[in-house]
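Here's the structure we're looking at; comments come further down.
The values are calculated or read from the model by the stated rules, or taken from the named source; none is laboratory data. As the structure is a computational prediction, the values presented were derived from the model and not from experiment. In this analysis, Cβ positions are derived from the backbone assuming ideal geometry, glycine residues included, and neighbour counts consider all displayed protein chains. Just the protein is used for accessible areas: all its heavy atoms, side chains included, with ligands, DNA and RNA removed. Shrake-Rupley method; radii C 1.70, N 1.55, O 1.52, S 1.80 Å.
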Amino acid sequence: MTKKKHLYEVDLMRCFFMFGVVLNHVASTFAAALGNKATPAGRFLVSTHLILHFPRFGFMFITVLVLFLGYWGRPEKQNWPVFWKKRYIGSGISYLFWNGLFLAFLLLTSGSFSWNKWLTGWLEAISKGNQFYFYYIFLMFQLYLIFPLVLKLFELFKKHLNLLLALSSIGYLSQVLLSGRQP
């Protein structure tokens, strides 16, 4: 098995996206502290804040890119039970622990802690990925689950990637139109 070349460009992109995450959180903190958003500065901050959400798409792209580079065309690495065990244990333990700790801290500081509240809140948080910015990890768990199928899909369509891109775009746009959101 030949070792793949390290892509320093990916490291640079990760740094760029990390900076974007920090910038997004700083802007969110300022917007929350601003209170009256009717001022010119407030309107500017609110109107430009959405632009700062680029890191979530960037990190998703980088994650999928690195997975594809590591597994595409390498059937010797495609032992999916081992892949899932490594991914879910490696990320899952931290996901469960930090969701529980942050929720306990939130309930304790609000003065409303009870084991029942903590357990129901924790089960909801880990099953939906909707607390403490852990949606990204929750989304990654879903990607890990379907990654072998996605890899197989790309293998089947490797001579027709433009068709796959077109079908993907149609699927995305139909989802957007049906949900009533802006693309």
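Want the number for residue 77 to residue 120: 0.36 nm per residue separation, take away the alpha-carbon distance, what's left?
11.6 nm
Find the relative contact order for the range 1-89 and round it to a whole percent, using C-alpha pairs within less than 8 Å whose residues are 6+ positions apart.
Computed over the range 1-89, the figure is 32 percent.
My understanding is that a pair violates if its Cα-Cα distance is over 28 Å; which of 77/159; 128/159; 86/117 do that in this structure?
Those over the limit are 128/159; 86/117.
What number comes out for accessible area per residue over the range 1-128 if the probe is 1.4 Å? Units Å², please.
Result: 71 Å² per residue.
Considering only protein heavy atoms and a 1.4 Å probe, what is the carbon-and-sulfur percentage of the accessible area of the chain?
72 percent
Pick out, in residue order, every one of the trypsin sites (Lys or Arg not before Pro) in the range 101-183 that is DSSP loop and has at most 16 other C-beta atoms within 10 Å; say none if there are none.
Sparse-neighbourhood loop trypsin sites (Lys or Arg not before Pro): 158, 159, 181.
Give me log10 I(q)/I(0) at q = 0.11 Å⁻¹ for the chain, Debye formula, one equal scatterer per alpha-carbon, no solvent.
Reported log10 I(q)/I(0), two decimals: -0.73.
Angle check, please: helix 54-71 long axis (alpha carbons) against the longest principal axis of the chain (alpha carbons), in degrees 0 to 90, nearest 10.
It works out to around 30 degrees.
Over the range 72-183, what is the mean sequence separation of C-alpha contacts under 8 Å (at least six apart), divided by residue count, expressed as relative contact order in percent?
Taking the mean separation of contacting Cα pairs over the length of the range 72-183, I get 22 percent.
Between residue 153 and residue 105, what is the label-to-label distance in nm when each label sits 7 Å out along the Cα-to-Cβ direction?
Rounded to a tenth, the inter-label distance reads 3.7 nm.
Can you give the extra length, in nm with one decimal, that the chain gains between residue 98 and residue 85 once fully stretched, where that is 0.36 nm per residue apart less the Cα-Cα distance?
2.7 nm
Test of understanding: what is the full-extension gain from residue 179 to residue 33, defined as 0.36 nm times their sequence separation minus their Cα-Cα distance?
49.4 nm
How large is the translational diffusion coefficient of the range 116-183 in µm² per second when you combine the Kirkwood radius over alpha carbon pairs with Stokes-Einstein at 10 °C and 1.306 mPa s?
107 µm²/s
Quick check on the chain: helices-only [θ] at 222 nm, where DSSP H runs of length 4 and up contribute -39,500 (n - 2.57) each and the sum goes over total residues. Nearest 500, please.
-26500 deg cm²/dmol
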